[in-house]
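Computed from the coordinates by the stated procedures, all read-outs in this text should not be read as laboratory data. Everything numeric here is computed off the predicted structure, so don't read it as measured data. All Cβ positions, even for glycine, are placed from backbone atoms using ideal geometry, and neighbour counts span all protein chains on display.
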Amino acid sequence: MRCLNILLIEDDMIEVMKLNRTISKLELPHKIIEANNGEEALQFLQKKDELPDIILLDLNMPKLNGIEFLSILKKDEILRYIPTIILTTSNNQRDLLECYKIGIAGYVLKPLKYEDYVKKIQSLLAYWSINELKQI
């Protein structure tokens, strides 16, 4: 299993702690880079010095929501190739369709039970750690 650099864009600190706790519990080698909102994430990505392998993106955020962030990301000639997976509580079909139209790599609903969350994250990260990712 390859170690992934993961950019987590999430404004809820409980969700950030939950992902970090899950990766720790599963003893995965992945590195989490945290951004509290889309603007902060874009500032990090614009440097283009340490780009993530994948992005985990929440949809409901202040300043710049997930869909707005995606629209900006996918217009960039370099950043557009970073697989972006939506990690959200929104099962709104319009959001789902809009995200796939823009070009996401996946849409994962956060389950309520922690055990179910751990299983989903484990599967998600296992899948991406065996994928051939474009070296940017």
Exercise for review: Please quote Rg/Rh for the chain to two decimal places, taking the Kirkwood radius as Rh and restricting both calculations to Cα atoms.
Suggested key: 0.92
Check your understanding: Residues with amide H under 5 Å of Tyr107's amide H, sequence separation 5 or more or different chain, H placed in the peptide plane at 1.01 Å from N; which?
Key -> Ile86
Practice item. Determine the relative contact order of the chain: mean sequence separation of Cα pairs under 8 Å and six or more apart, normalised by residue count, in whole percent. Key: 25
Point to revise | Student exercise, segment 11-93 dipole from Lys, Arg, Asp, Glu Cβ charges, in Debye to nearest 20 | key: 160
Check your understanding: Can you give me the Cα centroid spacing of segment 104-136 and segment 26-73 in angstrom?
Key -> 15
Check your understanding: Each label point is 7 Å from the Cα along the Cα-to-Cβ direction; what then is the distance between the points at Asn131 and Lys74, in nm?
Key -> 1.5
Review point. DSSP loop GluC sites (Glu not before Pro) in segment 15-87 with at most 10 other Cβ atoms within 10 Å of their Cβ, which ones?
Key: Glu27, Glu77
**Study point:** Kyte-Doolittle mean at least -0.5, axial Cα span of 20 Å or more - DSSP H helices of the chain
**Key:** 114-130
Check your understanding: How much length is gained on full extension from Glu40 to Tyr114, taking 0.36 nm per residue of separation minus their Cα-Cα distance?
Key -> 23.9 nm
Revision key, fill the gap. In the chain, taking the dipole from +1 charges on Lys and Arg beta carbons and -1 charges on Asp and Glu beta carbons about the Cα centre, the listed residue (Leu51, Met17, Tyr81) farthest towards the positive end is Tyr81
Check your understanding: Shape of segment 5-53 from its Cα gyration tensor (a ≥ b ≥ c, root eigenvalues): rounded if a/c is under 1.5, otherwise prolate when a/b > b/c, or oblate?
Key -> oblate
**Study point:** Loop-resident sites, segment 1-33, for trypsin sites (Lys or Arg not before Pro), counting at most 15 other Cβ within 10 Å (DSSP)
**Key:** Arg2
Check your understanding: What number, rounded to the nearest 500 deg cm²/dmol, is the helix-based mean residue ellipticity at 222 nm of the chain, given -39500 (n - 2.57) per DSSP H run of at least four residues and division by all its residues?
Key -> -13000 deg cm²/dmol
Exercise for review: Identify the trypsin sites (Lys or Arg not before Pro) of segment 65-136 meeting these criteria: DSSP loop state and at most 12 other C-beta atoms within 10 Å of the C-beta.
Suggested key: Lys75, Lys113, Lys134
Study note, to complete from the structure: When the chain is treated as a Gaussian network with springs between alpha carbons less than 10 Å apart, the largest mean-square fluctuation among Asn60, Asn92, Asn36 is found at Asn92
